[in-house]
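Okay, so here's the structure we're looking at.
The values are calculated or read from the model by the stated rules, or taken from the named source; none is laboratory data. This is a predicted model, so every value here is computed, not measured. A quick note on method: Cβ atoms are made from the backbone with ideal geometry, for glycine too, and the neighbour counts reach across all protein chains shown. Note: areas computed on protein heavy atoms with side chains; ligands, DNA, RNA excluded. Shrake-Rupley method; radii C 1.70, N 1.55, O 1.52, S 1.80 Å.
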Amino acid sequence: MRWSDIQDIAIALCEADPHTDPYGINFVELRDKVMALDGFEDASSSCGEKILEAIQSAWADERD
């Protein structure tokens, strides 16, 4: 996975951490959670606030 795989990341986060509120963590924690996912292979430097906001929103949608 890469940062552009927003939906795949959201699904993986939901499966890996189903009890975490996506809006209850800061962007540094979110970035670290994404980078720790199995199969994630992109650099942290390729990520920005807009990508993290999109992941956070998709993760929240996935939980609902």
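Observations
- The accessible surface of the chain, taken with every protein chain in place and a 1.4 Å probe, is 45 percent carbon and sulfur.
- Normalised per residue, the accessible area of the range 1-57 is 60 Å², obtained with a 1.4 Å probe and no contribution from ligands, DNA or RNA.
- For peptides 6-14, 43-51, sequence by mean Cβ density within 10 Å, most packed first: 6-14, 43-51
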